[in-house]
1. If L182 satisfies all but one of (1) touching a Phe, Trp or Tyr at 6+ places or on another chain (Cβ under 6 Å); (2) of a type outside the set (V, I, T); (3) loosely packed, with under 15 Cβ neighbours inside 10 Å, what's the number of the condition it fails?
2. Could you check how many residues of the range 108-136 are part of a strand (DSSP E or B) and buried (at least 16 other Cβ atoms within 10 Å of the Cβ)?
3. Name the residue that is farthest from K177 (Cα to Cα), counting only residues in the range 49-74 that are open to solvent by 40 Å² or more (accessible area, probe 1.4 Å) and small (G, A, S).
4. If only one of A229, A269 is modelled with pLDDT under 75 and either on the phi < 0 side of the Ramachandran plot or in contact with a helix residue (DSSP H, G or I) (Cβ under 7 Å, 6 or more places away or on another chain) (or both), which one is it?
5. For the range 403-414, give me the residue count where each residue is part of a helix (DSSP H, G or I) and open to solvent by 10 Å² or more (accessible area, probe 1.4 Å).
6. Consider only pairs whose beta carbons are under 8 Å apart and that are at least six residues apart or on different chains; among these, list those whose first residue lies in the range 460-473 and is touching a residue at least 24 places away in the same chain (Cβ under 8 Å) and over 11 Å from S418 (Cα atoms) and whose second residue is open to solvent by 40 Å² or more (accessible area, probe 1.4 Å) and part of a loop (DSSP other than H, G, I, E, B).
7. From Q90, Q46, grab the single residue that is in contact (Cβ under 8 Å) with a residue 12 or more places away in the chain and either buried (at least 16 other Cβ atoms within 10 Å of the Cβ) or out of contact with any Leu (no Cβ under 8 Å at 6 or more places or on another chain) (or both).
8. Sort out which residues of the range 211-265 are of a type in the set (D, E, K, R) and surrounded by 14 or more Cβ atoms within 10 Å (Cβ to Cβ), and write them in order of number.
Amino acid sequence: MPRTRPPRRRRLPRSLAGQLFAMQIVLVTAVVAGCALFTYLSDEHQAEESARHQATAAARAVADSPSVRDAIRGGGDPSRELQPYASRVQRHTGVDFVTIMDPRGIRWTHPDERRIGERFLGHTAQALRGRTFAETYTGTLGPSVRVVTPVRADGTDDGRIIGLVSAGITIEEITAKARGRLLALLGVAAAALVLGGIGTYVINARLRRSTHGMNAAELSRMHDYHEAALHAVREGLLMLDGQRRIALINDGGRELLGVQGDIVGRNVAELGLPAPLTGALLASEPRVDELHLSADRVLVVNTSPVTGGERRGTVVTLRDHTELQALTGELDSERGFTQALRSQAHEAANRLHTVVSLIELGRAEEAVDFATAELELAQALTDQVVAAVSEPVLAALLLGKAAQANEHGVELVVSPDSSIDDGMLPPGLPARDLVTILGNLIDNAVDAAQGSPAARVTVTARADEAGLLLRVRDTGPGVDPARREAVFERGWSTKAAAGRGLGLALVRQTVARDGGTLTVRASPDGGAEFEVTLAADLVASARAAGERGGRTARGGAR
């Protein structure tokens, strides 16, 4: 059977930290090696220069010595006096040789006495012309750096040359000194390399922990996914660092908070958001599904601190709850209408039983009067509302709220000066906003009027050249003048039930969004009076549109 090769193991790409570690080790090695080579070459050159200076000093010292001149001029055998002297100079100055010779180059002294009397190996022409010079030459002791200088009879620069002095240091000795320095340098370089490697390993170990061992390609891919996810998520995402500065915000977060421009790096407190919302974003403890109001939205805020041994920041998610809150308000109104209709059906059944019983007792006229009185009362309320407010949305809202208030023992009255014709509402004003404004104001007034003597809520709705006016009065305890601004904050309520305190805040938000004004003051009935006005130009444009529509209809009829 043919042998099958085992599958080759796929080599995993090295992590970013590992790549950096390898690169840094190579760089440290290259730098240390380069420094070592440069230092070695520099030390070798410096060693040669030092040897040349040392040999020059020794040679000139011997040439300038009176005892040397006297021994040369004395005749006889100069070597007998000069050889011991040269040996002493050689030992004291550290040079490898001191050679004294006659002008022809015949040695009088030499480290090897057997070489005395032989011709000097090297150049002497420049010294015979009175110059001191240095050269590298291979003599009896091997290659050396040597200096040759003349010996003058009277010690002056113009005196007769009576001899020559050569002092030098062998290249082997120079190389040995440079080698010793190189070994010391290599020891220091090795220690630097070890320390650099250890430091690099420690730094890269921390980097591996920070990057979770991912390589550069994985980090790049994660960044791409991260950016795509941020722009794809419709909900708002906000990330704050440990100093409560904005580290990241996506497109949804900018839209929901209503901020523009480059805000990354700015503190949340500098964005001009409402104080409760700012407090929620800056909170150190987690927040779960909290409702907060921005300039024109109802936001659901969730916060979660980022911890890793220390507080590193906060992750905030934002969801738009505006539409849902409006639908919830309408649902609450519909639920109230349903409860009112159920109660009215129950009352109607009781009244019907009463009418039937009166007929069975033979009191037909009294039965008719009883039934007629109830119908007239209901019809009178309907006629009053429709006569004052013929706009269908507001009329239906007022009728439903009247029945709902009646169930709570509160009388809802439409003031005589109310007047809103059908089609008079501004076209840019959504009916939902009117339901939010007037519905919440009436609900708040009914809650306040319950239990008061002659519990009553008076509603005024008027559209004219001055604008759209909505006014709601109650006979409740009123609002403390010092708390008139606080009543519009989210969470303010005179009731202890949870989840309350959002209605008036929504009213103010809606009014501000539609460019109107909202005020609260003491009511002539003893309670509080809330008044909403919208710009007159909106109503005027609606009136003009209605008149144009009427003229078009009349023209078509002709």
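The values are calculated or read from the model by the stated rules, or taken from the named source; none is laboratory data. The shown structure was predicted, so the numbers you read here are calculated from the model rather than taken from an experiment. Neighbour counts run over all protein chains shown; Cβ positions are idealised from the backbone, glycine included. Just the protein is used for accessible areas: all its heavy atoms, side chains included, with ligands, DNA and RNA removed. Shrake-Rupley method; radii C 1.70, N 1.55, O 1.52, S 1.80 Å.
1. (3)
2. Our first condition is that a residue be part of a strand (DSSP E or B); within the range 108-136, this holds for 119, 133-136.
If we keep only those that are buried (at least 16 other Cβ atoms within 10 Å of the Cβ) as well, we get 134.
Adding up the residues that qualify gives 1.
3. Looking only at the range 49-74, we keep the residues that are open to solvent by 40 Å² or more (accessible area, probe 1.4 Å), and these are 49-50, 52-54, 57, 60-61, 64, 66-67, 70, 73-74.
If we keep only those that are small (G, A, S) as well, we get 50, 57, 61, 67, 74.
On the way: S50: 11, A57: 19, A61: 24, S67: 33, G74: 40 Å.
Looking at residues that are open to solvent by 40 Å² or more (accessible area, probe 1.4 Å) and small (G, A, S), I get G74.
4. On the way: A269 fails: modelled with pLDDT under 75.
When all the criteria are applied, what remains is A229.
5. Within the range 403-414, the first condition is being part of a helix (DSSP H, G or I), and the residues that meet it are 403-407.
With open to solvent by 10 Å² or more (accessible area, probe 1.4 Å) added as a condition, the list becomes 403-404, 406-407.
Number satisfying all stated conditions: 4.
6. The qualifying pairs are R473/P524; R473/D525.
7. Working: Q46 fails: in contact (Cβ under 8 Å) with a residue 12 or more places away in the chain.
Of Q90, Q46, the one residue that is in contact (Cβ under 8 Å) with a residue 12 or more places away in the chain and either buried (at least 16 other Cβ atoms within 10 Å of the Cβ) or out of contact with any Leu (no Cβ under 8 Å at 6 or more places or on another chain) (or both) is Q90.
8. Looking only at the range 211-265, we keep the residues that are of a type in the set (D, E, K, R), and these are 218, 221, 224, 227, 234-235, 241, 244-245, 251, 254-255, 262.
Selection gives E218, E235, D241, R244, R245, D251, R254, E255.
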